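Colleague: Below you will find the structure I want to go over with you.
The values are calculated or read from the model by the stated rules, or taken from the named source; none is laboratory data. What you are looking at is a predicted structure, and each value in this text was computed from that prediction instead of being measured. Every residue, glycine as well, gets a Cβ built from its backbone with ideal geometry; the counts of neighbours run over all protein chains shown. Just the protein is used for accessible areas: all its heavy atoms, side chains included, with ligands, DNA and RNA removed. Shrake-Rupley method; radii C 1.70, N 1.55, O 1.52, S 1.80 Å.
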Amino acid sequence: MTNFFEGTEPLSLRWFMHVDMDAFFASIEQLDNPELRGKALIVGQGRRGVVSTCSYEARKFGVHSAMPIGEAKRLCPHGIFVPGRLERYREMSRIVESVLHDFSPLVEMASVDEAYLDASGMERLFGPVEEMGMCLKEAVRRATGGLTCSVGIAPVKFLAKICSDLNKPDGLYLLRHEDVPRFLEKLELSRIPGVGRKFLAALAAQGIRSVPDVLARSESFWERRFGKAGLGLLRRAQGIDGREIVPCTPPKSESAETTFERDTRDRDFLRTWLLRHAERVGARMRRNGLAGRTVTLKIKYASFHTITRQMSLPARTSNTETLYEAGCSLLEALSLEEPVRLIGLGISGFEKERPVQLSLLDAAPEREKREDREKRRACLDGALDELRRRYGGAVIQRGRLFTGKDETQKKEGVVPDVPVRDRES
């Protein structure tokens, strides 16, 4: 089998860099509060919440992201648990992104705490690629006031991501082109993106437990046995990844969800949280210049059975009140046969609509009434956004939420989850 890297000329070498912030949320908390430094810090609270991230001191006890808070407390009873501060984390993420653009015009933010760069051809500016990586790490440290990151450098994207995890924290790993075949030969299949537990079990059933085992099977075997996933694994085992850096990837959706510490059927309580989510989602959309048309309600029952319901709006919007009304309509259509554990609200359909030819049967007065209502709501949202931008998020809130926040949290107990922004992969 032809090696993907044979015959590569030095001048045509491609370098991809993956930058992964170290324990990002926890590190920011320790940066802002020096008393927390060196301690087992866990970002996440509540009886039923999950760990957003944790410091390396907590990881020594087996705590990790997405672990239930109860399990984290059992493993690390002396740990310090703090709530997340999403706006602060986004603020620091924007600082990091600005630094990365000083090193490459092609930067792809994969999430709030990780990014890819195209480092090809940057030697004249920064010297050898490993020196560029070290300079980048130091620039991030200075700009953020002391946060560290780990950097992986490789000929393709998926290998760069794997490499960034090899010398954590505050590490750098360079995988040279000529070393790729030997690196892949020793690589555990579980480290390859897309190979989860079920896929691993299916591979083991075929006697496939290593990259050499993958390469020993023909392309027709992988296509016949596992389809697209099989062919993808074969390409990765060959060191092939044709993906390029995609700057400013537009989001596919915006959403927010909350897990309650106690299950509930209280519809007023659920509507209150739909309004909170509509506020969060709408504000993020307006800040990013987005508008969507498809509203999604997510409900997880006490049995962990999860359902979603959707509805399409007459036109794209980012108005808080419109999102809230749509969420309430979807909620009212449900019988709530079980107590609710989690409620979420999201919106998608950001793509621009095609022009629609109006017919004489269209209800023009009703359409004009709706458009006028949307304009008034947009003006109100804009005024609230500006006040919060100038004086902080807590300076003003809607009357329906003013007296309910602390009381409902004391009454029911809630664990706000990190809002999810879906991105194209």
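Colleague: Taking the stretch 186-200 only, how many residues are farther than 21 Å from residue 243 by Cβ, within 27 Å of the chain's Cα centre (by Cα) and either in contact (Cβ under 8 Å) with a residue 60 or more places away in the chain or part of a helix (DSSP H, G or I) (or both)?
Modeller: Count: 3.
Colleague: Of 382, 346, which residue is modelled with pLDDT of 75 or more, part of a helix (DSSP H, G or I), among the small types (Gly, Ala, Ser) and open to solvent by less than 50 Å² (accessible area, probe 1.4 Å)?
Modeller: 382
Colleague: What pairs can you find where one residue is in the stretch 364-376 and among the acidic types (Asp, Glu), the other is in a helix (DSSP H, G or I) and surrounded by 11 or more Cβ atoms within 10 Å (Cβ to Cβ), and their Cβ atoms are less than 8 Å apart, with a gap of 6+ or different chains?
Modeller: 374/322
Colleague: With the requirement that a residue be free of Cβ contacts under 8 Å to residues at least 24 places away in the same chain and of a type in the set (D, E, K, R), what does the stretch 158-185 give you?
Modeller: 176, 179, 182
Colleague: Which residue, of 289, 344, is under 23 Å from the mean Cα position of the chain (by Cα) and farther than 14 Å from residue 256 by Cβ?
Modeller: That would be 289, the only listed residue that is under 23 Å from the mean Cα position of the chain (by Cα) and farther than 14 Å from residue 256 by Cβ.
Colleague: May I pose another question? Could you give me the residue pairs with C-beta distances under 8 Å whose first residue belongs to the stretch 132-148 and is part of a helix (DSSP H, G or I), whose second residue is surrounded by fewer than 19 Cβ atoms within 10 Å (Cβ to Cβ) and small (Gly, Ala, Ser) wherever it lies, and which are 6+ apart or on separate chains?
Modeller: Every condition considered, the pairs that remain are 143/98.
Colleague: So which residues in the stretch 12-52 are more than 25 Å from residue 101 (Cα to Cα) and of a type in the set (Val, Ile, Thr), if there are any at all?
Modeller: 42, 43, 50, 51
Colleague: Return the pair list, or none, for Cβ contacts closer than 6 Å from residues in the stretch 256-282 that are under 19 Å from residue 332 (Cβ atoms) and among the basic types (Lys, Arg) to residues that are open to solvent by 10 Å² or more (accessible area, probe 1.4 Å) and part of a helix (DSSP H, G or I), at least 6 apart or on different chains.
Modeller: 271/328
Colleague: Let me ask something additional. Read through the list (1) over 24 Å from the mean Cα position of the chain (by Cα); (2) outside any loop (DSSP other than H, G, I, E, B); (3) under 29 Å from residue 185 (Cβ atoms), then give the number of the only condition that residue 152 fails.
Modeller: The number of the failed condition is (1).
Colleague: Which condition does residue 138 not pass, out of (1) modelled with pLDDT under 95; (2) open to solvent by 70 Å² or more (accessible area, probe 1.4 Å), if it passes all the others?
Modeller: Looking at each condition in turn, residue 138 falls short on (1).
Colleague: Take the residues of the stretch 87-122 that are in contact with a Phe, Trp or Tyr (Cβ under 7 Å, 6 or more places away or on another chain) and open to solvent by less than 10 Å² (accessible area, probe 1.4 Å): which is nearest to residue 52 (Cα to Cα)?
Modeller: Once the filter is applied, the top-ranked residue is 89.
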